[in-house]
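Notes to accompany the following structure.
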Amino acid sequence: MVMVQMEHTRIRLLKSSPGSINFLIQGYRNINVLQDRISELLGSEGDRLTAEEKWHQAQLQFDIVWSSFSVVHITAPGESTALPAQASLVRMGKEFLSAYDELFSSNKIPQEQLLLRVLRDTRELTESNYKLGNQYFAGASRFRDETNENLGQLYRYLWISAALLLVTASLLIWQLFKLLSTSTRMFQDARSSEAQLSQVVDELRSGRMEQKAKDSFLAAASHDLRQPLHALGLFVNALENKVLVPEGPVILDKIKQSTAALNSLFNSLLDISRLDAGVVEVDPEHFSVGNLLDNLNEEFAQLAGKQGLGFEINYDNGVAYTDPLLLGRILRNLVDNAIVHSVSGSVRLSCAQKGKSLMITVTDEGPGIPFSEQAHIFSEYYQLDNPERDRSKGLGLGLSIVKRLCDLLQIELEMESVLSVGTRFTLKVPAGEREALVVNVEPERGAVHQFDFQGQLILVIDDERDVRDGMELILSQVNCSVLLAESSEAARELIVEQDLIPDLIIADYRLREGRTGLQAVEEIREELNEEVPAFVITGDTSPERVREVAESGMQLMHKPVVPARLFQMLGSLLGETQSSFVETA
Amino acid sequence: VLKHTFFIVCCGLLIAFSAMADDTLLPAPESNVLLTISGNITNRNIESDASMPKVELDMPMLESLGATRFNTTTPWTEGLVEFVGVRVSSLLDFVGARSAHLTLVGLDGYSIDIKTVDFERYPVVVAYKKNNRGMSVRDLGPLWFMFPFTEYPELLNETNKAGAVWQLTQLVVR
């Protein structure tokens, strides 16, 4: 559209050729010059030579005027046909020229009167020419106006185009921004996936991935391992009084020791699981560290002696404020480690108050830990100098448990170690107040205890026949009546059939067909319409499982369950009061 | 150093001499002068002022420079017209013109500059014959600066139309 308009304008401009203007100006000039020549001739009276010269010039000028009229092709600007005024001018001019042709062809100078007439006629001609010039310029200005108008139109088109362009541009920019935001989003997505990836890589590097894998592996493996271990324990205990061969008790003792070792290994695993699950409860109290150290002395002095190591304790009467059981676990682990890893020298346990803290140290004169290894020793399964993975030295969970427990109790743990000099662990325990000391009588260790549940009815739900049978044997030792069922349905049938109400329910956590002990207990309680005491036994040590059972409010025991603990649990749930409990950890 | 100076002086002399050698003296016209060429030219008529060189030509001189002829239509004539004239490039060679930038002046005082025409390429002429006849002043003669518009349509532009000066009397080389 714009192009068409511009072309139109260009053609119109072309039509108003400068040639036409040139002709008008030149023609006007030529006639004027002729007038001048005649005037000069009229003014040169008397001078013959000059007059002839002037006349000659006038003649030439007449020819020039003649020539200019002979090439008239004037058209008005923007028009292809001659204007009427032009036509009349040309007619006038040609009339003038033919009228005076003869006069100017002669070499004889005309008379003054004649020359005056020529002069008058040329004036008419110039006036006409002038008028035409005016018309021409009027036309030119009209044309200019028209051109301007066209230009105005052109501008309008230009404006519209500009506006269109602007709209298009804004649309484009908008699209661009949309694209940009999309790409930003994509970029962010990429960034987040990159972050996820780097997180995974981090986890891989730091071993957190391993940790996750390990958690699920542990949970699965320990369940499968605990099941037979659990049964083993039950059978071994049931065997106690039934081995009549002379070597029997000795062999049984060894079997018991091995079972105990197995149990303690599994308990370490369980501790880690429990710590990871965050279900270990901290029960801080003010207590005398001396008592704790004395207990440890009793426990470990003999073991150290066996290994040819000295064992020393040294303490002032410090009072600590923390969980005594957990602190005991920490110290036992550290001392046990020290004894296991030392070949000579002695293991020293000391406690000294320093400001508002008690500094408890465990020092050995063992081989020490290379500096490069020091960062790793608190990792799980990390063992120094045990390439053949001697299981009697434990799983390597000790220090890992120590670290976790210290974190839990907010105890600062420091380690110094010099190769072939020894290692010292320092615990910075918050000091307690002597006035707040709780006087508690520690139960006598290793006390033998007999339970008697006087024929109370225990319902055992377990899908494993071996376990059911083992439980029956054990429970019958403490004078319990036992009802065995492999599932919740079987149990309910039995209850209905025999019209019995159990005093307590022991359920395995994992039952057949994806059922859980928790569900079984709930169903039986519903059937009986009574809140029968119950607890769940599980081999599953995964933190999630532990938490789930804890949330159900039901008691939980982990396999393998040693009879003593089982009896304790029974006692606490059945309200058996005749016994005192024994810590057997 | 002396050798150098001598060489430079020799060169200077050589250039000066060759310049002088270019300054050809042409014969003076014997009949009516039809065209006067002046300006940036090296040659001149005998008896003309060396400081303001000019070459005046009469009809025999123009005719002696060789005739170029072509047929063309023009905005000012009817139908195909045959023009005969001196090719402008020959004319410029004849006067020793140092440029092809010309100012043309007509009998009526009309003047125009021609700057961009390639006279070597186009046979532009100073015509002295139209349709094999000499031209009178009334017939836009006696000389007409003429372009071969028909053969070279690209020449037909407003500048050249204005440059086709009739009644040509003067040519100034710029």
* Taking the range B:124-141 only, how many residues are in contact with a helix residue (DSSP H, G or I) (Cβ under 8 Å, 6 or more places away or on another chain) and assigned to a loop (DSSP other than H, G, I, E, B)? -> 6
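Take the residues in the range B:108-138 that are away from chain A (no Cβ under 13 Å) and among the basic types (K, R); name whichever of them is surrounded by the fewest Cβ atoms within 10 Å (Cβ to Cβ).
Residue satisfying both the conditions and the ranking: B:R121.
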* Asked: Taking interchain pairs and intrachain pairs at least six residues apart, which have beta carbon atoms under 7 angstrom, with the first residue in the range B:154-167 and over 12 Å from B:I112 (Cβ atoms) and the second among the aromatic types (F, W, Y) and buried (at least 17 other Cβ atoms within 10 Å of the Cβ)?
  -> B:L155/B:Y122; B:L155/B:F147; B:L155/B:F149; B:L156/B:F149
* For the range B:65-72, state whether one or more residues are modelled with pLDDT of 90 or more and within 14 Å of another protein chain (Cβ to nearest Cβ). => no
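Out of A:R205, A:R185, report the one residue that is modelled with pLDDT of 75 or more, of a type in the set (D, E, K, R) and over 24 Å from A:F266 (Cβ atoms).
Of A:R205, A:R185, the one residue that is modelled with pLDDT of 75 or more, of a type in the set (D, E, K, R) and over 24 Å from A:F266 (Cβ atoms) is A:R185.
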* If we scan the range A:285-302, do we find a residue that is touching a residue at least 12 places away in the same chain (Cβ under 8 Å), assigned to a loop (DSSP other than H, G, I, E, B) and not hydroxyl-bearing (S, T, Y)? -> no
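Residues checked against (1) within 14 Å of chain B (Cβ to nearest Cβ); (2) at pLDDT below 75; (3) not in a loop (DSSP other than H, G, I, E, B):
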site	(1), (2), (3)
A:E52	no, no, yes
A:L60	yes, no, yes
A:A76	no, yes, no
A:E79	no, yes, no
* Across the range A:455-481, what is the total count of residues that are among the aliphatic types (A, V, I, L, M), under 21 Å from A:R515 (Cβ atoms) and touching a Ser or Thr at 6+ places or on another chain (Cβ under 8 Å)? -> 2
* To do: Would you tally the residues in the range B:41-70 being closer than 20 Å to B:R98 by Cα, out of contact with any Pro (no Cβ under 9 Å at 6 or more places or on another chain) and not hydrophobic (A, V, I, L, M, F, W, C)?
  => 5
* To do: Filter the range B:156-174 down to residues that are surrounded by fewer than 22 Cβ atoms within 10 Å (Cβ to Cβ) and out of contact with any Ser or Thr (no Cβ under 8 Å at 6 or more places or on another chain) and give me whichever is nearest to the other protein chains (Cβ to nearest Cβ).
  => B:A162
* To do: Find all pairs meeting these conditions: Cβ atoms under 7 angstrom apart; at least six residues apart or on different chains; first residue within the range B:90-104 and within 23 Å of B:R69 (Cβ to Cβ); second residue among the polar types (S, T, N, Q) and modelled with pLDDT of 95 or more.
  => none
* Asked: Name the residues in the range A:522-560 that are without any contact (Cβ under 8 Å) to a residue 40 or more places away in the chain and assigned to a helix (DSSP H, G or I), would you?
  -> A:E522, A:E523, A:R525, A:E526, A:E527, A:L528, A:E548, A:E551, A:S552
* Matching residues, the range B:139-155, being within 21 Å of B:D118 (Cβ to Cβ), within 14 Å of another protein chain (Cβ to nearest Cβ) and either out of contact with any strand residue (DSSP E or B) (no Cβ under 8 Å at 6 or more places or on another chain) or surrounded by fewer than 24 Cβ atoms within 10 Å (Cβ to Cβ) (or both) -> B:F149
* Structure fact -> Those residues of the range A:125-158 which are touching a Pro at 6+ places or on another chain (Cβ under 7 Å) and either at pLDDT 70 or above or within 16 Å of A:N32 (Cβ to Cβ) (or both) amount to none
* Kindly check whether there is at least one residue in the range B:103-121 that is basic (K, R) and within 30 Å of A:S105 (Cβ to Cβ). => no
* To do: Determine whether B:V105 is within 19 Å of B:D58 (Cβ to Cβ), more than 13 Å from the chain's Cα centre (by Cα) and away from chain A (no Cβ under 11 Å).
  => no
* To do: Among the residues of the range B:72-105, write down those that are in a strand (DSSP E or B) and closer than 17 Å to B:K129 by Cα.
  => B:T72, B:V81, B:E82, B:F83, B:V84, B:G85, B:V86, B:R87
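Name the residues in the range A:280-319 that are among the acidic types (D, E) and farther than 14 Å from A:V362 by Cβ, would you?
Those that are among the acidic types (D, E) and farther than 14 Å from A:V362 by Cβ: A:E281, A:D283, A:E285, A:D294, A:E298, A:D316.
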* Asked: Do we find a residue being at pLDDT below 65 and either within 14 Å of chain B (Cβ to nearest Cβ) or more than 60 Å from the chain's Cα centre (by Cα) (or both) anywhere in the range A:64-72?
  -> yes
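Scan the range A:500-521 for residues that are of a type outside the set (A, V, I, L, M), outside any strand (DSSP E or B) and touching a Phe, Trp or Tyr at 6+ places or on another chain (Cβ under 8 Å) and jot them down.
Of everything in the range A:500-521, just one residue is of a type outside the set (A, V, I, L, M), outside any strand (DSSP E or B) and touching a Phe, Trp or Tyr at 6+ places or on another chain (Cβ under 8 Å), namely A:G517.
The values are calculated or read from the model by the stated rules, or taken from the named source; none is laboratory data. Quick caveat: nothing in here was measured; it's all calculated off a predicted structure. When we count neighbours, we look across all protein chains shown, and the Cβ atoms used for this are built from the backbone with ideal geometry, even at glycine.
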